[in-house]
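The structure under discussion appears below in the form of C-alpha cells.
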Amino acid sequence: MNDELEKLKGDVKLPLGVLVRRTLKYISSEKGGFILSLFLLALNVVLDSISPLFTSAITDELVKDNINIKLIVNLSLLSFAIVCINQLFLYLESIILQNCGQRIIYRLRKEIFEHIENMSLNQFNEMPVGSLVTRVTSYTASMSDLFTGVLVRILRDLATLVGVYVIMFFISPSLSLSLLGVVAVVFVISYIFSKVVRGIFRQERACISDINTFLSENLAGMKLTQVFNQEKTKEEQFNEKNEKLRQQRFNVIKAFGVYRPLISFIYNASIALCFVQGIRYGLSAGEIVAFYMYLSKFFNPIQNLADQLNALQKAFTASERIFNLLDVKPDVLDKPDALEIEDFEGRIEFKNVWFAYKDENWILKDVSFVIEPKQTCAFVGATGAGKTTILSLIVRNYEVQKGEILIDGININDIKISCLRKGIGQMLQDVFLFSGTIKDNITLHDESFTIDEINEACRYVNADSFIDRLPKGVEEEIIEKGENLSQGQRQLLSFARTVIHKPQILILDEATANIDTETEVLIQQSLEKMKSIGTMLVVAHRLSTIQHADQIIVLQNGEIVERGDHQQLLKNRGYYYKLYQLQFDN
Ligand SMILES: Nc1ncnc2c1ncn2[C@@H]1O[C@H](COP(=O)(O)OP(=O)(O)OP(=O)(O)O)[C@@H](O)[C@H]1O
Ligand SMILES: [Mg+2]
C-alpha cells in the first residue's frame with residue numbers, strides 16, 4: 001500500500017533502462033514514421049555537411065589570377081539548390097515527426113485520463129488535483145518534446161559531429177588532430193554543466209508543480225478565501241512559492257550565463273588556432289575558409305549537447321512520473337469473472353460490515369441489515385455517524401475490510417462495477433453539476449434520450465416548475481458547478497438525472513442545507529413518487545422526509561443503535577425519539 005502511495009505522488013524511482021524501454025514501446029507504435037524521418041535526417045546531415053565545400057571551392061577560385069566566373073556562378077547555383085532541397089527535407093522530417101509525436105502524446109493523455117477515472121475515491125484523496133493536472137498536461141508536453149525534438153536533435157547532433165569531423169580530417173588531418181584537445185575541454189565543461197543544471201532544473205520543476213497544486217486548490221476555493229478574509233494569507237503563501245520559482249529560474253539563467261560565454265570563448269580561440277595553424281600547415285585559402293565554416297558547424301552541436309541532455313533528463317523525469325501514475329493499480333477493480341447483471345431485484349444486505357478509511361480507525365462497526373426489494377430504508381444519525389459512508393460502500397467507492405455486502409444475494413465484489421453503478425442511481429449530498437446545459441446535466445451527454453423523456457423526468461421529480469421559469473428551459477446554461485441554481489434546485493436536478501437513467505435501486509443523501517418550504521414540499525412529493533421506482537436508501541436530516549419509510553436505521557458512531565419504523569421508534573423513546581422531539585419543537 002505504501003508503495004502505491006509513493007507511486008501516486010510520483011516519487012518511485014525507475015531504472016533508466018526501464019524508462020527507456022517503456023518509452024521506446026510508445027515509439028514502436030509509430031515505427032514507420034520514425035524510420036522515415038531518420039532517413040530524411042541522415043540525408044539532411046549529409047547535405048548540410050557538404051555545403052561548405054562549395055564555399056571552399058569558390059574561395060579557391062577567387063584567389064586565382066584568372067577567375068572563372070562561370071564556374072563560380074555554377075557552384076553558387078548548385079550550393080543554393082542543395083540548400084533548398086535540404087530545407088524541403090527538413091520540413092518533411094519535422095512534419096512527419098511532429099505528427100507521430102503528437103499521436104503518441106494524444107494516446108498517452110487518453111491513457112492517463114482513463115487510468116485516473118478508474119481509481120477509487122480513496123486513491124483520489126491521496127492525490128492533489130493540481131498534481132494530476134500537471135501530469136496530464138505539462139509532463140505529457142515534456143514527453144512530447146522527447147518524441148518530436150530531443151531524440152532527433154541528439155541524433156542529428158551526434159551525426160553532424162561525426163560527419164563534420166570526418167570531412168575536416170580529410171581537409172587537414174594535422175589541424176583536425178590539434179582540435180581534439182579543444183573538443184575534450186568542451187566536452188568536460190559541458191558534462192559538468194549538465195550535471196549542475198540538472199539539479200537546478202529538478203528544483204525548478206518541483207516549484208512549478210507546487211505552484212500548480214496551490215493554484216488549482218485555491219482557485220477552486222476562492223469563494224471561501226474571500227468569505228473568511230484570507231486573501232492576505234493566501235497571497236503571502238503564493239508569493240513565497242512564486243519567489244522560490246523566480247529564484248530557481250534565475251539560477252538556471254545564471255548557470256547558462258556562465259556556460260554560453262565560456263563555450264563561445266573557446267570557439268573563438270579555436271578559430272584563431274585554425275587560422276594560425278592553417279597557414280603553418282600550408283592550407284589553401286579555400287581550405288582555411290572551409291575549416292572555419294566547419295568549426296562553427298562542429299561547435300553548435302557541442303554547445304547544444306548540454307541543453308539536449310537536460311531536455312532528455314527532463315523528459316525522463318516526466319516519463320517517470322507518468323509511468324508512476326500509470327503503475328498505480330486501481331484499488332477497486334472488476335474480478336476477472338465478474339458477473340454482468342442487467343436488472344437488480346433490489347434486495348440489499350449488509351452482513352457484519354466493518355469499514356475504515358484508514359488503518360484500524362473503524363467508521364462502521366459490525367453493521368448488519370436487510371432491505372427487501374422495493375422497500376425504503378432511511379438512515380438517521382448525528383453528523384459523522386457514517387451514513388454517507390454506508391451509501392458509498394454499496395456502489396463500491398471503497399472496499400470493506402470485513403463482512404460482506406450483498407445485492408440480490410450476490411456479493412457486490414462479484415458484480416461488474418459498471419453494472420452496479422448503472423443499476424444504482426445516486427443522488428449525493430453535494431450535488432455536482434458540470435458546466436453545460438441543464439439538459440446535458442440530466443442526460444450526461446447521452447444522446448439517446450429524447451426531449452420528451454427529459455421533460456418527463458423533470459416533471460416526475462417536480463423539477464419542471466423551476467426549469468419552465470428559466471428563459472431557455474432545459475437548454476439553460478449552468479455556470480461552473482451550478483452556481484446559478486439554488487441548493488434545492490440542484491437537488492431536484494440530480495433527482496431528474498437519476499430517474500431518467502432508470503435505476504432499480506435509488507440512493508439519496510439528502511442535502512443538509514436549508515431549503516425553502518416550497519422546495520422542501522416539492523422534494524417530499526418527488527421522493528414519494530420515486531419510492532415506486534425500486535429499493536430506496538435515504539439519508540435524511542429532516543425526519544419529516546422519512547416518516548413513511550418501511551425501515552429506519554439509527555446510527556451512532558458507526559454502530560446501529562435502533563431500528564424499526566417511525567411509530568415503533570417513537571414508542572421506543574430512544575435516540576430517534578429525542579431527535580424527533582428536537583425537530584418537532586423547532
Ligand atoms: N474520505 C474520507 N477519509 C477519511 N475519513 C472520512 C472520509 N469521509 C468520511 N470520513 C469520516 O468518516 C466518518 C463518517 O463520515 P460520513 O460522511 O459517513 O458521515 P455522515 O453520517 O454522512 O455525516 P453527515 O450527516 O454530516 O453527512 C466521519 O468521522 C468522517 O470524518
Ligand atoms: Mg453524509
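Please determine, in degrees from 0 to 90 and to the nearest 10, the orientation of helix 231-280 with respect to the longest principal axis defined by the Cα atoms of the chain, where the helix direction is its Cα long axis.
Result, in degrees: 20.
Between Lys571 and Val370, what is the FRET efficiency for a Förster distance of 35 Å, r being their Cβ-Cβ separation, to the nearest 0.05?
E(calc), rounded to 0.05, equals 0.95.
Under a plain spin-label model, where a point goes 7 Å from the Cα along Cα-to-Cβ, how far apart in nm are Glu453 and Glu476?
Reported label-point gap for Glu453 and Glu476 is 2.4 nm.
Using R₀ = 45 Å, calculate the FRET efficiency as 1/(1 + (r/R₀)^6) where r is the Cβ-Cβ separation of Val258 and Lys25; round to 0.05.
0.70
If I take all pairs of Cα atoms in the chain, what percentage of them are more than 45 Å from each other?
Here the tail beyond 45 Å accounts for 42 percent of pairs.
For the pair Glu217 and Tyr357, how long in nm is the line joining their label points, each one 7 Å along Cα→Cβ?
In this crude spin-label approximation the distance works out to 1.5 nm.
Explain nothing, just the number: dipole magnitude of the stretch 1-138 about its Cα centre with +1 on each Lys and Arg Cβ and -1 on each Asp and Glu Cβ, in debye rounded to the nearest 20.
That gives the stretch 1-138 a dipole magnitude of about 280 debye.
Starting with the fewest neighbours, write out Leu339, Leu364 ranked by other beta-carbon atoms found within 10 Å of each beta-carbon. Walk me through the numbers before you get to the answer.
Numbers: Leu339 13, Leu364 24.
Starting with the residue having the fewest Cβ neighbours, the order is Leu339, Leu364.
Note down the nm distance, to one decimal, between modelled labels 7 Å out along Cα→Cβ at Lys529 and at Ala42.
Placing both labels 7 Å beyond Cα along the Cβ direction yields 7.3 nm.
Arranged by the count of other C-beta atoms within 10 angstrom, fewest first, what order do Thr383, Thr137 take?
Neighbour counts put them in this order, fewest first: Thr383, Thr137.
Please work out the Cα center distance from the stretch 25-79 to the stretch 325-356, rounded to the nearest Å.
65
Given a Förster radius of 41 Å and the C-beta distance between Ser435 and Asn242 as r, what FRET efficiency does 1/(1 + (r/R0)^6) yield to the nearest 0.05?
Working: r = 29 Å, r/R0 = 0.70.
Taking R0 as 41 Å, the efficiency between Ser435 and Asn242 is 0.90.
If each residue's Cβ is checked for other Cβ atoms within 10 Å, how do Thr134, Thr225 rank with the fewest at the top?
In increasing order of surrounding Cβ atoms, one gets Thr225, Thr134.
Rounded to the nearest 20 Debye, what is the dipole magnitude of the chain about its Cα centre when Lys and Arg each give +1 and Asp and Glu each give -1 at the C-beta?
Values: 61 positive and 69 negative charges, 469 e Å.
Roughly 2260 debye, rounded to the nearest 20.
If you fit an axis through the alpha-carbon atoms of helix 285-327 and take the longest principal axis of the Cα set of the chain, what angle between them do you get, 0 to 90°, nearest 10?
20
Could you tell me the distance between the Cα centroids of the stretch 96-125 and the stretch 433-495, to the nearest Å?
31
Select from Phe214, Ala272, Gln247 the residue farthest towards the positive end of the dipole of the stretch 205-319; place +1 on Cβ of Lys and Arg, -1 on Cβ of Asp and Glu, and compute about the Cα centre.
Ala272
Take every DSSP beta bridge with both residues inside the chain and express the antiparallel ones as a percent of the total, to the nearest 5.
Looking only at bridges with both residues in the chain, the antiparallel portion is about 50 percent.
Can you compute the charge dipole magnitude of the stretch 80-201 about its Cα centre, using +1 on each Lys and Arg Cβ and -1 on each Asp and Glu Cβ, nothing else charged? Give it in debye, rounded to the nearest 20.
About 140 debye.
Read-outs: derived from the displayed coordinates by stated rules, not from any lab. Just so you know, these numbers come straight off a predicted model, no measurement behind them. Neighbour counts are summed over all protein chains in view; Cβ atoms, including those assigned to glycine, are modelled from backbone coordinates with ideal geometry.
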